[in-house]
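Asker: After the structure tokens below, expect a handful of questions from me.
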Amino acid sequence: MLGHRIKPVPYFIRAEIMKFRIALLLSVSLLGFLPVATQAADAQEFMLKNGMKVIVKEDHRAPTVAHMIWYKAGSMDEHNGTTGVAHALEHMMFKGTRTLKPGEFSQRVAALGGRENAFTSKDYTGYYQQIEKSKLEKVMALEADRMANLVLDKEEFSREIRVVMEERRWRTEDQPIPLVYEALNATAFIAHPYHHPIAGWMSDLQNMTVQDAKAWYERWYAPNNAVMVVTGDVDAKQVLALAEKHFGKIPRKAVPVTKPQEEPPQRGIRRVTVKAPAENPYVVLAFKVPALRDVEKDDESHALDVLAAILDGYDNARLNAKLVRTDRVANSAGAGYANIARGPVLFLLDGTPAAGTTTEQLEKLLRAEVTRIANEGVSEQELKRVKAQLIAGQIYKRDSIFGQAMEIGTMEMAGLSHTKIDRIIDKLKGVTAEQVKAVAQKYFGDDALTVATLVPLPITEKKAPAAPKGLRH
Amino acid sequence: MKRLLLAFLFTFVSAGPAGAALKIQSWTLANGAKVLFVENHTIPVLDISVEFDAGSRRDPKGKAGAAELTNAMLARGVRESTTPYAEPAMTEAQISDAIADVAAQRGGGAGGDRAGASLRTLSSRAERDASITLLSRILAHPSFPDNFLERDKARMISAIKEDETKPESIANKAFWRLLYGSHPYSQYPTVPSVEAVTRDDLVAFHAAHYVANRAVIAMIGDITRTEAEAIAQQLTARLPQGAPLPSMPLVEAVPATEERIPHPATQAHLLTGMPAIVRGDPDYFPLIVGNYSLGGGGFVSRLTREVRDKRGLSYSVYSYFNPMAQPGPFTAGLQTQKEQTDEALKVVRDTVAAFLRDGPTPQELKAAKDNLIGGFALRIDNNRKILDNIAAIGFYNLPLDYLDTWTAKVEKVTIADVKEAFQRKLALDKMSTVIVGNAK
């Protein structure tokens, strides 16, 4: 929520500088002093007969629309040997249907003046277009077409999988921090599929076939496993009519249920080290903590969210103020808690030590800040500051219809209704200093902690031979 | 990387709005500050930026990084002052907390040409007044505390060293160095150049560049014209008048070179290009229309088709023009598995050569115009995008109807226009190339 700068970065079909921040909160209940006319409309939700959910949020500030189709199928639904297939299929979604040639999807969106992209995460795969409002039906027809009529050609696949491997090299293999996160997840999660990277292991990509992609498409791409989100200058009823027209005829499928694969309790600290060409060392601490499953009941999750904001929710929040600015033991320090997910979640503390400090020392110093809150609590002033930003954040995010659509989709994919977005804000506003102190005391021991450390290698040194990646821990 | 990001940002910004009813009001204050304002009451938010000719091209010789450090340190503390208002000193922590208390968001930074600060605030009176006062003081009265300078220099040096391990940053720095010879655009902060920066340098740089008569204020949001006028006054009341800045050296043609830098990464990073275009150049529209077909149009560009779709050589391949105050670069780039670097470079050069020779096909020209014109509404559909646009219009002295005439100017471009503009601005034998990761 506030200042959670450590976020899993989804994989995109296309490289672009995407600066959107997925603010996890969306508001309709505004501050009392605002004139009524500036209040945003509620999002409206519909269900097509084939089980496809349609969520529309009208926003008439500008004549544009964000149109998204989210599929509840991400890397956590993959199996060993074909990791990365969710992302590979996402790439293939641009490679033609029974009526469109490879690349024609993008040509048509571009000719409409649209911007488009797609993203794959652990929990879901999403596709979107941003367009002038009169073009909505055309992009909707295109999305409906590829939901049902994708053609997976062997030759196209063999070329595209090379692109996917280049993407993995670019985003992970050659990037020290992403390598650390890959090792962290593979260490923290043993049984749960969050163990595997979104991109998939390189060996799985090298051995992937068009049949793997086909099986994935047939298994998961169905209207009853999808949510449409439309925000912008539209009429909700008209959007529903268009959705009926284009998606209503696509038959429902029996969609498999991914088994829970619950992560067994961790019984002691785990450590993993990554050596990679870099200048500065880096350390990240991951504590297993509760996710947000029930907005009304999961008060500990809300308290952890506020704790993260107190540690790292604004410029002068505790970690930056103490470790970077005052004591100068770190060049950067942060906290992150992304509590909205289908699977288990982690509370992260991370940092780059300043010259003269080791990662071992920084690890202790980061934990000491949580301990300080566990012992002494937080001040009312800090709580107030964090909450002021929550409230303002609800207003600021209304500047972007795209951001609002992302927020709705993220909630829905995690099994939380978008209608709960406001309730999350209410619950966060109600978090007390005692609750923050209590979670700081409860969840930050050794037993459920995983620590991943980057050991920098000089770039002149020859790279260590690539170890089989699944065995990193 | 900084430059690369700014390049993208500025390229997109340059392609601003038209057609739509975006009313930009503009006026100049008695102190010389220029104001651009869009009134918009749809959300209770106000966005402001204040920019100066204080980018890195103004770095003192041998002290690359001074512009960036000056900008980064604006909010590290403000000094006590007596004129025009009696105001106490504030520490960095006090400034940060005061901004957080009113839930404002402070931004800004230093690019090649411009540097400044931005603010997003609630438009309600109390929050707005408090945050704007803070912004005014940060711009005018930074105290540049010595101990924080040491800390910020250490952090910057650490970041530079980190960058020196990353193939993308290495390539980017080498690219600007090859293209710009002795011109300040070729300079980037190094460990010695940052170490050489003193507090006196920052004080002098700030005094010379953060001045009322060269301030460009852009505002969009939930305030009236009368309020905007008062805010513009408030933002610049504390700023001094500055003496004229020395004129910049010209960007001179530098012989094309190819530099290969070894690196252990699995992928090679390749950049090729040359200095090409200033802001406001009449070739701008033919160039952006043409570049859409060459390498700007994402999935539908020639470079993507040749390099990615046909050969699977790269995930990301692109080209763009980055118009600046002085001729900014044309850049084409990609990353690819090392072993296929030469193949990829050849495809890029052949693709650029063919485009220079023939220009776009009629179908390509139509596709480019359809996208640029049809997508125009997306360039101005929120406050942030509009702020970026009007800030650029103000700083680069683009006409106030720039956005209104934008689609018409795109529409007018012909194949001959594209061909001629590309041939005027680019030549394959003048393009320099950097490859990081495949030394041979």
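The values are calculated or read from the model by the stated rules, or taken from the named source; none is laboratory data. Since the model is a prediction, treat every value here as computed from it, not as a measurement. Glycine gets a Cβ as well: all are built from the backbone with ideal geometry, and neighbour counts include every protein chain shown. Note: accessible area is taken over every heavy atom of the protein model, side chains too, but ligands, DNA and RNA are not part of it. Shrake-Rupley method; radii C 1.70, N 1.55, O 1.52, S 1.80 Å.
Asker: Kindly identify chain A as rounded, prolate or oblate by the Cα gyration tensor criterion: order the square roots of the eigenvalues as a ≥ b ≥ c, call it rounded if a/c is under 1.5, otherwise compare a/b with b/c, prolate if a/b is larger, else oblate.
Answerer: It comes out oblate by the Cα gyration axes.
Asker: Take every residue in peptide B:307-314, count the Cβ atoms of other chains within 10 Å of its Cβ, and give the average of those counts.
Answerer: 5
Asker: For chain A, what does the accessible surface come to per residue with a 1.4 Å probe? Please give it in Å².
Answerer: 38
Asker: Nearest 0.05, what FRET efficiency do B:Leu245 and B:Arg424 give at R0 = 30 Å with Cβ-Cβ as r?
Answerer: 0.55
Asker: Still on this structure, I have one more. Which residues of segment A:42-82 show a drop of at least 20 Å² in accessible area when all protein chains are present, compared with their chain alone (probe radius 1.4 Å, heavy atoms only, ligands and nucleic acids excluded)?
Answerer: Buried-area filter returns A:Arg61, A:Ala62, A:Thr64.
Asker: Could you tell me which of rounded, prolate or oblate describes the protein assembly as shown, using a ≥ b ≥ c as the square roots of the eigenvalues of the alpha-carbon gyration tensor, with rounded for a/c under 1.5 and, failing that, prolate when a/b is larger than b/c and oblate otherwise?
Answerer: rounded
Asker: For chain A, what's the relative contact order in percent, using C-alpha pairs closer than 8 Å and at least 6 residues apart?
Answerer: The normalised contact order for chain A reaches 25 percent.
Asker: Restricting to bridges with both residues inside the protein assembly as shown, how much of the DSSP beta-bridge set is antiparallel, in percent to the nearest 5?
Answerer: Counting only bridges with both partners in the protein assembly as shown, antiparallel ones make up about 80 percent.
Asker: Also, I was wondering about something else. Rounded if a/c is under 1.5, else prolate if a/b is larger than b/c, else oblate: which is segment B:115-182, with a ≥ b ≥ c the root eigenvalues of its Cα gyration tensor?
Answerer: prolate
Asker: I would also like to ask the following. Please identify the longest segment of chain A free of exposed GluC sites (Glu not before Pro), where exposed means a DSSP state other than H, G, I, E or B and no more than 15 other Cβ atoms within 10 Å.
Answerer: A:17-261
Asker: Excluding A:Arg372 itself, calculate the net charge of residues whose Cβ lies under 11 Å from the Cβ of A:Arg372, where each Lys or Arg counts +1 and each Asp or Glu counts -1.
Answerer: Summing Lys and Arg as +1 and Asp and Glu as -1 gives +2.
Asker: Mind checking the mean number of beta-carbon atoms from other chains within 10 Å of the Cβ atoms in B:98-104?
Answerer: 6
Asker: Here's something else I'd like to know. Between segment B:35-67 and segment B:261-321, what's the alpha-carbon centroid distance in Å?
Answerer: Going from one Cα centre to the other spans 28 Å.
Asker: Let me ask something additional. Please find the FRET efficiency linking A:Ala254 to B:Thr82, where r is the Cβ-Cβ separation and R0 is fixed at 51 Å, and quote it to the nearest 0.05.
Answerer: 0.10
Asker: Tell me the mean residue ellipticity at 222 nm calculated for chain A from its helices only (DSSP H runs of n ≥ 4, each -39500 (n - 2.57), averaged over every residue, nearest 500).
Answerer: One gets -11000 deg cm²/dmol as the mean residue ellipticity at 222 nm.
Asker: Here is a further query. Return the loop-located trypsin sites (Lys or Arg not before Pro) in segment B:28-80 (DSSP other than H, G, I, E, B) with at most 13 other Cβ atoms within 10 Å of their own Cβ; answer none if there are none.
Answerer: Those that pass, being in a loop and sparsely packed, are B:Lys61.
Asker: Could you work out the local net charge near A:Ile250, counting Lys and Arg as +1, Asp and Glu as -1, over the other residues with Cβ closer than 12 Å to its Cβ?
Answerer: Cβ neighbours under 12 Å give a net charge of +3.
Asker: What does the charge add up to near A:Lys72, with Lys and Arg as +1, Asp and Glu as -1, over the other residues with Cβ less than 9 Å from its Cβ?
Answerer: Here the charged neighbours net out to -2.
Asker: Let me ask another. Which one of A:Ile269, A:Phe287, A:Ala303 is farthest out on the positive end of the charge dipole of segment A:258-304, using unit charges on Cβ (Lys, Arg +1; Asp, Glu -1) and the Cα centre as origin?
Answerer: A:Ile269
Asker: Alpha carbon centre of segment B:179-202 versus segment B:94-166: separation in Å?
Answerer: 21
Asker: Let me ask something additional. 222 nm [θ] for chain B, helices only, -39500 (n - 2.57) per DSSP H run of 4+, per residue, to 500?
Answerer: Only helices count here, giving -12500 deg cm²/dmol.
Asker: Let me ask you something else. B:Lys346: which lysines have alpha carbons under 18 Å from its alpha carbon, excluding same-chain residues fewer than 8 sequence positions away?
Answerer: Qualifying lysines at Cα under 18 Å: B:Lys310, B:Lys338, B:Lys430, B:Lys440.
Asker: Can you give the charge dipole size of segment B:16-141 about its Cα centre, rounded to the nearest 20 debye, using +1 on the beta carbon of Lys and Arg and -1 on the beta carbon of Asp and Glu?
Answerer: 360
Asker: Rounded to the nearest 0.05, what FRET efficiency do B:Arg125 and B:Thr190 have when you use their Cβ-Cβ distance and R0 = 51 Å?
Answerer: Efficiency at R0 = 51 Å is approximately 0.65.
Asker: In addition: Please tell me the relative contact order of chain B in percent, rounded to the nearest whole number, where contacts are Cα pairs under 8 Å and at least six residues apart.
Answerer: 24
Asker: Now, a different point. For Cα pairs less than 8 Å apart in space and 6+ apart in sequence, what is the mean separation divided by the residue count of segment B:197-317, i.e. the relative contact order in percent?
Answerer: With pairs under 8 Å counted, the relative contact order is 15 percent.
Asker: Other chains' Cβ within 10 Å of B:298-305 residues: what's the mean?
Answerer: Neighbouring Cβ atoms belonging to other protein chains average 4 per residue here.
Asker: Which residue, B:Gly312, B:Gly111, B:Gly181, has the most motion in a Gaussian network model of chain B that connects Cα atoms within less than 10 Å?
Answerer: Greatest mean-square fluctuation among the candidates belongs to B:Gly312.
Asker: For segment B:243-309, with every protein chain kept in place, what is the accessible area per residue (1.4 Å probe, Å²)?
Answerer: On a per-residue basis, 37 Å².
Asker: Right, here's the next one. Go through A:Lys397/B:Lys369; A:Lys72/A:Lys384; A:Lys49/A:Lys138; A:Lys101/B:Lys366; B:Lys153/B:Lys173; A:Lys57/A:Lys384 and tell me which ones have a Cα-Cα distance over 25 Å in this structure.
Answerer: Check vs 25 Å cut-off fails for A:Lys397/B:Lys369; A:Lys72/A:Lys384; A:Lys57/A:Lys384.
Asker: So, one more: Counting only protein heavy atoms, what percent of the accessible surface of segment A:175-330 is carbon or sulfur at a 1.4 Å probe?
Answerer: 52
Asker: To the nearest 20 Debye, how big is the dipole of the protein assembly as shown about its Cα centre, given +1 on the beta carbon of each Lys and Arg and -1 on that of each Asp and Glu?
Answerer: 1040
Asker: So what's the gap between the Cα centers of segment A:173-190 and segment A:206-265, to the nearest angstrom?
Answerer: 29
Asker: Where in chain B lies the longest segment free of GluC sites (Glu not before Pro) that are both loop residues by DSSP (not H, G, I, E, B) and have at most 15 other Cβ atoms within 10 Å?
Answerer: Free of exposed loop sites, the longest segment is B:253-440.
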